[in-house]
Amino acid sequence: MRSIATPLAPLVVAAGLFAATPVLSASAVDPLEPTFAQEEEAAPAEEPALLAIRAARLIVAPGREIENAIVLVRGDVIQAVGADVAIPEGTETVDAPVVCAGFVDAWSALGLDRGSLFDRSTRPSTSSVDGLEVYGDDYLRDAALQAGVTTVRSQIGLAGNVHGTSVALRLFPDLSDERAVLDPDAALAMQVLGNDALDRIGNVDRLLGQLESGAAYLKAQRKYAADLAEWEKKIAELEEELEKDFKKKKKDRDKEVAEAEEEGKEYKEERYKEDKKPRAPRFDADSEVLGAVAEGELPLILELHRIPEMRTLLRRLPEFGRVRPILAGVSDARFVADELAAAGVVVIVNPTTQGEGGAFGSNHLELAADLDEAGVEVLFGSGGRDASATAALPLLAARAVAHGLSPEKALYALTLGPARALDLADRIGSVEVGKQADLLLLSGDPLSATTRVQHVLIAGEKVLSADAR
Amino acid sequence: MLSTILAVTLATAACATPFTGESSIDASTAQGPLATHDARVATVQLTTGDCSSDFGVSTDIGGSWTPDGRVPESGSALATDGVEAAPAQLLAIVADQLHLPDGATVKDGVLVVRDGVIVAAGEVDVPEGARVVRHDGHVTAGLVAPYSAGYLPSDESNENTRPFLPDGRVVYGFDPELPRLADALEQGVTTIVLPPAVSQVVGGRTGVVKTYGGHVVSRGAHLALSMGSQAANVTRAPTSYGGMVRALDGLFTEPQGAYAEVASGNLGLMTYVSERHEVDRALRLFARHGLKGALVGPSLAGELAERIAESGCSVVLPTPDLVPNERERDAMVALFEAKVAFGFWLNDPSRYRSSAITALRAGATRDDALNSITSTAAKIARVGTSVGQLARGFDADFVLWSGDPLEFTTTVEAVYVRGELAFGGDQ
């Protein structure tokens, strides 16, 4: 996909992606410019400032903790992590009882224009980046930051079954900051909703049918690429031959022309099959995306809740060996938990309660724990419809702990889990060297009700400080 | 059954409540769901809530009820009385953290229970012969909800035809087998107030019931008013706020009956108001007639916190969002600062404890937050002398938590109602 990123060049990625977005591209850096390489060679005076964070308890990643640790941040990147890291003299230093990676809401509505959010005309290639509303809802983003959420996956087009691609967004106070878009195509999102089970089953088949046609398109494109290469090789060979025996060939041809004239026949030029250049299949942006999903280059996020559609999907998934499905919602999934685990499916659970039956099934607070126990990888998301719900996600995650999920798994579902599932783990999701400094400085345990966020860092910048409130 | 009636009458007579006559109704209709329990239940229901000025027999004795309904002489708290029935079983809970009424938390605290009543709580010895339950976590009183929505059969909460029904009793609509009661119990809620429909200006008497065992704590704790827009109706009078206030002004000057009981303080008052102007209207009505009670439902009540504090009213807030918006949070903080007694609605039981945690996060003290769903809630429900606290004489309703009850991550491990394991636990 156009979003494929190199681990050490998030800026390049963000800038490159914005180049595709006319409105925001004005200030974009040339994506081909190797900015980081240049910085390394730059004079020390131009090096980004250092920031040292002293953490009484550092949660490197869920289950990996260091006491009395130091995190050294250079510019936007984590440069060193450990208990015995030396802080260079004169470095700005911040202390915090607990430090962990910023939370990720894998299923949010933050940052998007309301009209686009419920658009019904989106297609697979519609990008949520184009639905960004960079000026609105700043108070909701502020509330999300206060709750420790630094990254969201937001999705437009919820009124249709195929939503388009999701944007992974960092909650900079100014969303027009080009570093805000971490990935403009984090996944392709679809839904299977409705009150009629047969309709829903039919929709699963239709959506999978689209993936099939995407795969076929990709196959055709690849065949074309191969044919073209072969043709070009052949042409080159012939040209070479022609060059070598030009005189003989010309003589032969002249002779043939003369003979034809003698016999009063028209001379027919011999036609080679190599004259036929392979025809390119028509470019189709939708099929490009669907093909990438079918090939597993891009995850597929599918919202569904009830058993008939889950079973239909699970039955047909083996046909799509490379697809990386992430199922969102999955209210009734406890009945198929073992099958989901066997299929290696990742789920996004909204850890709240919903009504019984209907299109949404019945979500229970034990859902996350039940699925985790069955071996399903669980992520958390706030449901993708209400932009204000993101701020409550960490509290809801804590409630999932009250209903059986281990605190480690809950933290994983808020940090490294979604980062991995959305191919962002090279940049965010844990406090490790080389990753972006998207960090929370907390007064206490991340899942405690009384813990206050003291500072939030995104790309090494303090975007929220409790004392500034 | 005759002896039951006698006991009931004896107990209530001492309280001089106007409901003595109803005891026979209750006992003689002993085929309904309310009467599936023993005589003790009938005794309890008539001896607590209706005599709010005094402790009922269920609350201030160390003894037990006997099968013949006789209330034994109070003696040594732990003495058995030589009754022919099975000897009173002592239950002792040893908790890592025991929450006592004054906000103190006792490490390795002991709660001693006999016959459904707490006989000792705090740093006391485990009595000999007691069945001991050790709990490696916190123990609090069972949660009390001063106002519940949706805990009656659905048609009970839609009454729209009779706007004034002062002598109606919601408790007659109580269905102890309603599945939602079990949901509430599983979240640690042991006592709830059943209110009448908000579409009635005067809906009658609230009932206070337990979520387990069909126990009725009070058959008429408050007179319930609704001064919300729902009570003004186009199909019958009153059709406006003006008509509603005029009617109430007339009724509260009546020399006898429910309204006079409220005015004299013998009967509680619970008033549903959701908008700020409705709170204002209610406070003016109360001031004219010298009334006070619980204001139920105004999420922005805090913006009138000073006036509410002056009126002596308490407030029952609707379930706040996990992350309330700034205005709601400011309103809550104003209530805390004005020292207004507050509690929360119960609708989604899984969110009930969250309300107290939200209050804590907004700036309430730990005590106020926990009390808002226990002792303060019980006082608002006018059963504050029998439930909501771990103290001698109170009903043995308590919750065994996996940790701090004011953390989202904490789980309910067991719930006891009147000393009986009602949910969870291993025993």
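Just so you know, in region B:326-372 the residues that are under 19 Å from B:G312 (Cα atoms) and within 16 Å of the chain's Cα centre (by Cα) include one that is farthest from the other protein chains (Cβ to nearest Cβ), and it is B:A341. In the set A:F320, A:F335, only one residue is open to solvent by 10 Å² or more (accessible area, probe 1.4 Å) and without any contact (Cβ under 8 Å) to a residue 60 or more places away in the chain; that residue is A:F335. Residue count for region A:99-121, restricted to those that are open to solvent by 10 Å² or more (accessible area, probe 1.4 Å) and assigned to a strand (DSSP E or B): 1.
Look at B:E303 and say whether it is modelled with pLDDT of 95 or more, of a type in the set (D, E, K, R), in the same structural domain as B:G242 (by TED's automatic domain parsing) and assigned to a helix (DSSP H, G or I). First the steps, then the outcome.
On the way: modelled with pLDDT of 95 or more: no; of a type in the set (D, E, K, R): yes; in the same structural domain as B:G242 (by TED's automatic domain parsing): yes; assigned to a helix (DSSP H, G or I): yes.
The answer is no for B:E303.
From the set of residues in region B:375-405 that are more than 20 Å from the chain's Cα centre (by Cα) and more than 19 Å from B:L91 (Cβ to Cβ), which is least open to solvent (accessible area, probe 1.4 Å)? Step by step, filter region B:375-405, then rank; the result is B:G403. From the set of residues in region A:443-457 that are more than 14 Å from every other protein chain (Cβ to nearest Cβ) and surrounded by fewer than 24 Cβ atoms within 10 Å (Cβ to Cβ), which is nearest to A:V104 (Cα to Cα)? Looking at residues that are more than 14 Å from every other protein chain (Cβ to nearest Cβ) and surrounded by fewer than 24 Cβ atoms within 10 Å (Cβ to Cβ), I get A:H455.
Can you pull out every residue in region B:268-286 that is modelled with pLDDT of 95 or more, touching a helix residue (DSSP H, G or I) at 6+ places or on another chain (Cβ under 7 Å) and of a type outside the set (D, E)? B:L269, B:T271, B:V273, B:V279, B:R281, B:L283, B:L285, B:F286, listed by residue number.
State all residues of region B:144-164 that are polar (S, T, N, Q) and assigned to a helix (DSSP H, G or I); if no residue qualifies, say none. Steps first, answer last, please.
Filtering region B:144-164 for residues polar (S, T, N, Q) gives B:148, B:154, B:157-158, B:160-161.
Passing the criteria: B:S154, B:S157.
Counting only residues that are more than 29 Å from B:R361 (Cα to Cα) and either within 14 Å of chain A (Cβ to nearest Cβ) or without any contact (Cβ under 8 Å) to a residue 60 or more places away in the chain (or both), region B:373-427 holds 2 of them.
Evaluation of A:D137 against the conditions (1) modelled with pLDDT of 95 or more; (2) open to solvent by 10 Å² or more (accessible area, probe 1.4 Å); (3) within 14 Å of chain B (Cβ to nearest Cβ) shows that the sole unmet condition is (1).
If we only count strands (runs of 3 or more DSSP E) wholly inside region B:314-427, which ones have 3 or more residues that are touching an Asp or Glu at 6+ places or on another chain (Cβ under 7 Å)?
Numbers: elements: B:314-317, B:342-346, B:398-401, B:412-417, B:420-424.
In region B:314-427, B:412-417 are the strands (runs of 3 or more DSSP E) which contain 3 or more residues that are touching an Asp or Glu at 6+ places or on another chain (Cβ under 7 Å).
For region B:174-198, a tally of residues being without any contact (Cβ under 8 Å) to a residue 24 or more places away in the chain and open to solvent by less than 20 Å² (accessible area, probe 1.4 Å) returns 0.
Just a yes or no: is a residue in region A:41-54 touching a residue at least 40 places away in the same chain (Cβ under 8 Å), within 22 Å of A:L414 (Cβ to Cβ) and either open to solvent by 20 Å² or more (accessible area, probe 1.4 Å) or of a type in the set (D, E) (or both)? So far as region A:41-54 goes, no, none of its residues is touching a residue at least 40 places away in the same chain (Cβ under 8 Å), within 22 Å of A:L414 (Cβ to Cβ) and either open to solvent by 20 Å² or more (accessible area, probe 1.4 Å) or of a type in the set (D, E) (or both).
Restricted to region A:405-416, and to residues there that are part of a loop (DSSP other than H, G, I, E, B) and among the hydroxyl-bearing types (S, T, Y), the residue that is farthest from the other protein chains (Cβ to nearest Cβ) is A:T415. Quick one: would you say A:V289 is open to solvent by less than 30 Å² (accessible area, probe 1.4 Å), over 30 Å from A:G404 (Cβ atoms) and β-branched (V, I, T)? Answer is yes for this residue. Do we have B:L322 as in contact with a Ser or Thr (Cβ under 7 Å, 6 or more places away or on another chain), modelled with pLDDT under 95 and either away from every other protein chain (no Cβ under 11 Å) or open to solvent by less than 40 Å² (accessible area, probe 1.4 Å) (or both) here? So B:L322 fits the description; yes. Of all the criteria given as (1) in contact with a Leu (Cβ under 6 Å, 6 or more places away or on another chain); (2) within 14 Å of chain A (Cβ to nearest Cβ), the one not satisfied by B:C313 is (2). Looking across region A:122-155, just one residue is in a loop (DSSP other than H, G, I, E, B), under 15 Å from the mean Cα position of the chain (by Cα) and within 21 Å of A:F380 (Cβ to Cβ), and that is A:Q155.
This table checks each residue for (1) outside the structural domain of B:V399 (by TED's automatic domain parsing); (2) assigned to a loop (DSSP other than H, G, I, E, B); (3) at pLDDT 50 or above.
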residue	(1), (2), (3)
B:W65	yes, yes, no
B:D68	yes, yes, no
B:G75	yes, yes, no
B:A79	yes, yes, no
B:V83	yes, yes, no
B:L98	no, no, yes
B:D102	no, yes, yes
B:I118	no, no, yes
B:P127	no, yes, yes
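The number of residues in region A:71-83 being among the β-branched types (V, I, T) and open to solvent by 20 Å² or more (accessible area, probe 1.4 Å) comes to 2. Checked against the criterion of being away from every other protein chain (no Cβ under 11 Å), in contact with a Gly (Cβ under 7 Å, 6 or more places away or on another chain) and in a helix (DSSP H, G or I), the candidates A:A419, A:A389 yield just one match: A:A419. When we screen A:V433, A:V463 for residues that are part of a loop (DSSP other than H, G, I, E, B) and either open to solvent by 10 Å² or more (accessible area, probe 1.4 Å) or under 27 Å from B:R351 (Cα atoms) (or both), the only hit is A:V433.
Of the conditions (1) in a strand (DSSP E or B); (2) at pLDDT below 95, B:I93 fails just one. Which one is it? Condition not satisfied by B:I93: (2).
A:A402: within 13 Å of chain B (Cβ to nearest Cβ) and open to solvent by 20 Å² or more (accessible area, probe 1.4 Å), yes or no? No; evaluated as a whole, the condition is false for this residue. In the set (1) in contact with a helix residue (DSSP H, G or I) (Cβ under 6 Å, 6 or more places away or on another chain); (2) farther than 30 Å from B:G243 by Cβ; (3) open to solvent by less than 50 Å² (accessible area, probe 1.4 Å), B:L143 fails one condition alone, (1). Looking across region B:275-313 at every residue that is of a type in the set (G, A, S) and touching an Asp or Glu at 6+ places or on another chain (Cβ under 8 Å), the one that is most open to solvent (accessible area, probe 1.4 Å) is identified as B:S299.
With respect to (1) surrounded by fewer than 24 Cβ atoms within 10 Å (Cβ to Cβ); (2) more than 9 Å from every other protein chain (Cβ to nearest Cβ); (3) part of a loop (DSSP other than H, G, I, E, B); (4) touching a Ser or Thr at 6+ places or on another chain (Cβ under 9 Å), the lone exception for A:D372 is condition (3).
The values are calculated or read from the model by the stated rules, or taken from the named source; none is laboratory data. All of these numbers come straight from a predicted model, not from anything done at the bench. Please note: Cβ atoms are built from the backbone with ideal geometry, for glycine as well, and neighbour counts cover all protein chains shown. Calculation scope for accessible area: heavy atoms of the full protein, side chains included, ligands and nucleic acids excluded. Shrake-Rupley method; radii C 1.70, N 1.55, O 1.52, S 1.80 Å.
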